[in-house]
1. Give me the net charge of residue 83's neighbourhood, meaning all other residues with Cβ under 9 Å from the Cβ of residue 83; Lys, Arg count +1, Asp, Glu -1.
2. Want the number for residue 49 to residue 231: 0.36 nm per residue separation, take away the alpha-carbon distance, what's left?
3. Local charge sum around residue 241 (other residues, Cβ-Cβ under 11 Å, Lys/Arg +1, Asp/Glu -1)?
4. Please give the net charge around residue 316, taking every other residue with its beta carbon less than 9 angstrom from that of residue 316, where Lys and Arg add +1 and Asp and Glu add -1.
5. Suppose we look only past 18 Å in the calculated P(r) of region 40-83. What percent of the Cα-Cα pairs does that tail hold?
6. Modelled label-to-label distance, residue 192 and residue 30, 7 Å Cα→beta-carbon offset: nm?
7. What is the extension gain from residue 142 to residue 111, computed as 0.36 nm multiplied by their sequence separation minus the C-alpha to C-alpha distance, in nm to one decimal?
8. May I ask you to order 234-241, 126-133 by the average number of other C-beta atoms within 10 Å around their residues, highest value first?
Amino acid sequence: PFLTRSSDGSHVAAPATTATTATTALGIRRYRRDTDKDAVVEICRNVYDGRDYIPRVIDSYPTQKIDVLVEAPSSSEPPRALLCGARDGSLYHIWGARTHPHARGKGIMRRMMQHVEGSCEGTTLVSTTIRSNTSMLRLFESEGYTEYENEIKLWPDSQVMGQEDCTMAFVLGHHARTRPPGQGGARLVSMDRCTSVQDLRRGLGRLRGAGRDAWLPASYEVIGTDGEAAQGAIDKGDVFVSEDPDAVVAFLGDQLGGTVLSIVCTATTLAGVLGAVAATVHDRAIKRMYVDLCGTELSPADFVHGCERGWASYIVFTKAKQPR
């Protein structure tokens, strides 16, 4: 799920590092590439069955845009916890929360989150977790985060991420099933390239309803429509919207160290399948698919191939920090 925290005030542009530049009395400081990498590897060793992406990508994060924080009990001891964050328009994303197994239960991650929140007035804080991560669920809820009603379905899961063409096999399997009876060709929704943020917001507005936040789900992030990520994808021609009654928005991009992903937001399961097909027609290298059904019920019958290979479900949490 995604966790978010919203506010009525919009964020005034400021360097992403303003929240975390100084070492504090809590032992929280910025990650140092030259001395902290081995400790981060140890912190993440057993995450995702040893397949955690953080050690692979942490040194490629641009420090001017992404805050990577660690917590160490003293200046002479290695870090024992990690947290990443970044601003995107009026949103501040929190992800990569990791604590060494021997340091859990000490309130370290709570203090790190509170440290980040201290400089996020006027911003909506957003994070995600999975339903089975009960410790993070309790932490988010006790810190005043609200669970968004959507759960984002992800396929394939981390165990099959490295298999070539695994997503294409899933999508093409449904491509055949969506062929109307008595017709020779499969029905594909009409997808037009999005040319402006306004078009994107209108498409998402149809899906989420008037007055709802307009965002796109991505891995441990929520892509806001007012930030650099969405505008950059629009400029590259990687965002598609549809005037179809079922309403489809598709977003494509390179994330997680170059993994090509697609995000499909849709009002119905069938439109989601068709949107996934349209996305892979645009880029056959896609290996990871997020399908946000925007509050509609997911039918296992419609996504049977994905279920068989291992769906993951992320919860979104949000929290509003009012301006002082």
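The values are calculated or read from the model by the stated rules, or taken from the named source; none is laboratory data. Source: prediction; values computed, not measured. Using ideal geometry, Cβ is built from the backbone for each residue, glycine included, and neighbour counts are taken over all protein chains shown. The protein model used for the area step is the full one, side chains on, heavy atoms only, and it has no ligands, DNA or RNA in it. Shrake-Rupley method; radii C 1.70, N 1.55, O 1.52, S 1.80 Å.
1. Working: positive: 98; negative: 67, 71.
Once all neighbours under 9 Å are counted, the net charge is -1.
2. Between residue 49 and residue 231, full extension yields 62.0 nm more.
3. On the way: positive: 193, 201, 202, 206; negative: 192, 199, 243, 244.
Neighbourhood net charge equals 0.
4. Numbers: positive: none; negative: 147, 149, 151.
Within the 9 Å Cβ shell, the charges total -3.
5. Numbers: 316 of 946 pairs.
Distances greater than 18 Å cover 33 percent of the Cα pairs.
6. 4.5 nm
7. Working: separation 31, 0.36 × 31 = 11.16 nm, distance 1.25 nm.
Answer, rounded to one decimal: 9.9 nm.
8. On the way: 234-241: 18.4, 126-133: 20.2.
Highest mean packing first, the order is 126-133, 234-241.
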